[in-house]
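Below you'll find the structure, written out as structure tokens, and then a few comments.
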Amino acid sequence: MKSEKIVKEPLIHITKRDTMPPWQSILIRVGAVLIALAVSAVLVIVLTKTNPMSVFDAMFKGSFGSVRKMQNLMKSVATLLCISLAITPAFKMKFWNIGAEGQVLMGALAAAAVMRTMGRYVIPSWVVILVMLAAALVSGLIWAVIPAIFKALWNTNETLFTLMMNYVAMQIIQIFIAIWIKSGSGVVGYINEQSHRGWLPDLFGVKYLLNIIVVAGLTVFMFVYLKFSKHGYEISVVGESENTARYIGINVKKVVIRTMAISGALCGLAGFLLVAGADHTINKDLAGGMGFTAIMVSWLAKFNPFIMVGASFMLVFLDRGASNVATMCKLNDSVGEIITAIIIFFIIGCEFFIRYKINFRARTPKEKAPDEPEKPEQTEITEGEKAPAGIA
Amino acid sequence: MTKIIDIIVAAIIQGIPLLYGATGEIITEKSGNLNLGIPGIMYVGGISGIIGGYIYEKMTPNPVTVLLILIPLLSSLLGSLLMALLYSFLTVTLKSNQNVTGLALTTFGVGIGNFFGGSLVKMMGGTGGSIALQQTGKAFRAQLPFAKSLGSVGKLFFSYGFLAYLAIVIAVLAAFFLNKTRMGLNLKAVGENPATADAAGINVTKYKYFATCIGGMIAGLGGLYWVMDYTDGAWTNNGFGDRGWLAIAIVIFAIWKPLLAIPSATLFGGLYILSIYIPGLTSWQKELINTLPYVVTIVVLCTVSARKKKENLPPASLGLSYFREER
């Protein structure tokens, strides 16, 4: 392609990079985050018409303003991180499980059902908690394994399947609530409010501390599992290339089903933590869309559990901060979602510059002014097409 | 009898936004782009129409009917076009992951819809919290003059605003385009195997861009129908609900065929409101009926994949970015 004989070489030519020095790729990612933050800051200031300093002040107060706010921040970070860790093995395998929301909800529903049923009897709380945990893990697992089996058997599109499973899960919760709550209010209050049976205890008097410890342990476990275990190795090979995996004797179907089972069970764990350790109730918005946000966290962190800690913290912090700014200005608090999305757009966009290299056409004296009428972004493939035509 | 007609009319009304979303998504998916941002695009289509309509209706003393329709229509199309362009730029040009981009786009779109829906009145310096555009809503809901005089037939066929008929026209045109025109066949080739299409001289990038943008604009009209016709020019936050995902379900249910999407959307619209019309249901039975659309979709998805009939399967390269050096 670099040959001088080609009459017209494309203006821009994209090639895949082999590797990039780590510092360079980190620099690109950090740059993207900074640009995204700058864009979000400008957006918030324009929308709310307040001065930047008070915006930053309000953002900070939205997350750290009071003990209660800090506890809620940590609770959300722990939940989001837990779901992100749960879906990571499946994602690394390139199994596009976007059904985490449903798997979390099924886990939460099972935990809540056990909590309600066993709460009527005088049973030690730790027994209830253990049964809840087991029920949550199993239902999350079942909810994830169903699409995996169909994928393994008939190559059913897992993205669409798991997406639909989310809404089935939400509806099942609605059905159970309708059966449980005869008054028709559709609201399950605190379960076992008096006896606290099945509630995770506050360690050292700190709310949600047990959730945080469990998720911290899970982070380390997932790092080791993906990086140093045989399972982790099989997952990466299947993710890179199914043909290679088959060639070296990995049973791809088995790996797919097993990985989804683990993924689903851990989503169930997140549901258990929400019911037993945080909210002590059940409704269809319990996961609050975090099953979807977790996908973005896992992707942003490039499947590295430790980077996920920072990524989930950043997203939760920004979401809360921006909502606080909007509420302060008596505007709608959805501005947090907008900012989350902007940051994700920038980070997934910057991946391109890490994976691909842009080669501009070398300027030679005989070359005329560029006569391509179209915009360069849209033409990297179009232009490539013209080159062979030039030879012919 | 009148009750059955009532149910059918309600099903059609519920089905129209779904049909717009499904037709748009079919065209998008035929290019191999699985745009999970459709729910967000439909929110943006709705709110852009509202913003355009709000500025015109509230800022001019005597609004003209034609402009009351044209301004929201164009601003809605513009809004959804920008969203679809963003998706195309990220997934086609920058080759980022389609699932992640789509989900982020939905978060973005729903956020934009709710933010402006909840804040527009205050930002424009008006009073009161909620948006209600009576005149614009009335213009969009205008029926044919003889509809009332035809009794139940008139109610069944002529009692809708013009956007309802447009949805069916667009679906029929999309079917014609995909099956009978050279460009439609090229588009399907791109979705099945972009490398082969590229080798055959089809401009893959251009097709992906155009299909996603046109599909997005069609889907956005679904949001516009919802806010202007169904809710009469009023905006409620999260009022559109999860209908965008239901539209994606219809794409599967209709096995990627726009003509089948017309009855499918009506059926799903019917299932969405069926529980209201069946007397004597307990609330859990109602919720069970509301589960049907999703379960039916899953059954169809599995059956289609198990039977492996080529013409019923999803586009082969659905969800994959195309990079020509990577064949």
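Just checking, does the range A:135-148 include any residue being part of a helix (DSSP H, G or I), aromatic (F, W, Y) and closer than 26 Å to A:P89 by Cβ? Within the range A:135-148, one or more residues are part of a helix (DSSP H, G or I), aromatic (F, W, Y) and closer than 26 Å to A:P89 by Cβ. Exactly one residue among B:A254, B:A265, B:A234 is touching a strand residue (DSSP E or B) at 6+ places or on another chain (Cβ under 8 Å), closer than 30 Å to B:L73 by Cβ and touching a residue at least 40 places away in the same chain (Cβ under 8 Å), and that residue is B:A234.
Inspect the range A:47-66 for any residue being within 14 Å of chain B (Cβ to nearest Cβ) and either of a type in the set (A, V, I, L, M, F, W, C) or assigned to a helix (DSSP H, G or I) (or both) and give the result as yes or no. Yes, because at least one residue in the range A:47-66 is within 14 Å of chain B (Cβ to nearest Cβ) and either of a type in the set (A, V, I, L, M, F, W, C) or assigned to a helix (DSSP H, G or I) (or both).
Among the residues examined, A:E351 qualifies as surrounded by 21 or more Cβ atoms within 10 Å (Cβ to Cβ), within 9 Å of another protein chain (Cβ to nearest Cβ), out of contact with any helix residue (DSSP H, G or I) (no Cβ under 7 Å at 6 or more places or on another chain) and in a helix (DSSP H, G or I). Taking the conditions (1) more than 10 Å from chain A (Cβ to nearest Cβ); (2) surrounded by fewer than 18 Cβ atoms within 10 Å (Cβ to Cβ); (3) of a type in the set (A, V, I, L, M, F, W, C) in turn, B:L274 satisfies each one other than (2).
Just to be sure, is B:A104 touching a residue at least 12 places away in the same chain (Cβ under 8 Å), more than 9 Å from chain A (Cβ to nearest Cβ), under 30 Å from A:I348 (Cα atoms) and surrounded by 24 or more Cβ atoms within 10 Å (Cβ to Cβ)?
Taking the combined requirement at face value, the residue does not satisfy it.
Scanning the range A:277-323 for residues that are within 14 Å of another protein chain (Cβ to nearest Cβ), of a type outside the set (A, V, I, L, M, F, W, C) and within 14 Å of the chain's Cα centre (by Cα) yields A:G288, A:G289, A:G291, A:T293, A:S298, A:K302.
Annotation for the range B:13-25: at least one member residue is touching a Gly at 6+ places or on another chain (Cβ under 9 Å), more than 11 Å from chain A (Cβ to nearest Cβ), farther than 30 Å from A:I348 by Cα and surrounded by fewer than 24 Cβ atoms within 10 Å (Cβ to Cβ).
Only one of these is surrounded by fewer than 18 Cβ atoms within 10 Å (Cβ to Cβ), modelled with pLDDT under 90 and either of a type outside the set (V, I, T) or closer than 26 Å to A:T162 by Cα (or both): B:A234, B:A249. Name it.
B:A234
Limited to the range B:277-301, what total is found for residues that are buried (at least 20 other Cβ atoms within 10 Å of the Cβ), within 7 Å of another protein chain (Cβ to nearest Cβ) and not acidic (D, E)? Residues that pass the stated criteria total 4. Take B:S317 and tell me if it is over 21 Å from B:K3 (Cα atoms), surrounded by 18 or more Cβ atoms within 10 Å (Cβ to Cβ), more than 10 Å from chain A (Cβ to nearest Cβ) and at pLDDT below 85. Taking the combined requirement at face value, the residue satisfies it. Under the condition of being in contact (Cβ under 8 Å) with a residue 12 or more places away in the chain and in a helix (DSSP H, G or I), the residues counted in the range B:83-96 number 9. Is it fair to say B:G118 is part of a helix (DSSP H, G or I), at pLDDT 85 or above and small (G, A, S)? Judged against the criteria, B:G118 is not a match.
Here is the figure for the range B:260-315: residues that are acidic (D, E) and over 20 Å from A:M165 (Cα atoms) total 1. B:I255 fulfils the conditions (1) at positive phi; (2) aliphatic (A, V, I, L, M); (3) within 11 Å of another protein chain (Cβ to nearest Cβ) except for a single criterion, (3).
The values are calculated or read from the model by the stated rules, or taken from the named source; none is laboratory data. Source: prediction; values computed, not measured. Cβ coordinates were reconstructed from backbone atoms using ideal geometry, including for glycine residues, and neighbour counts include every protein chain displayed.
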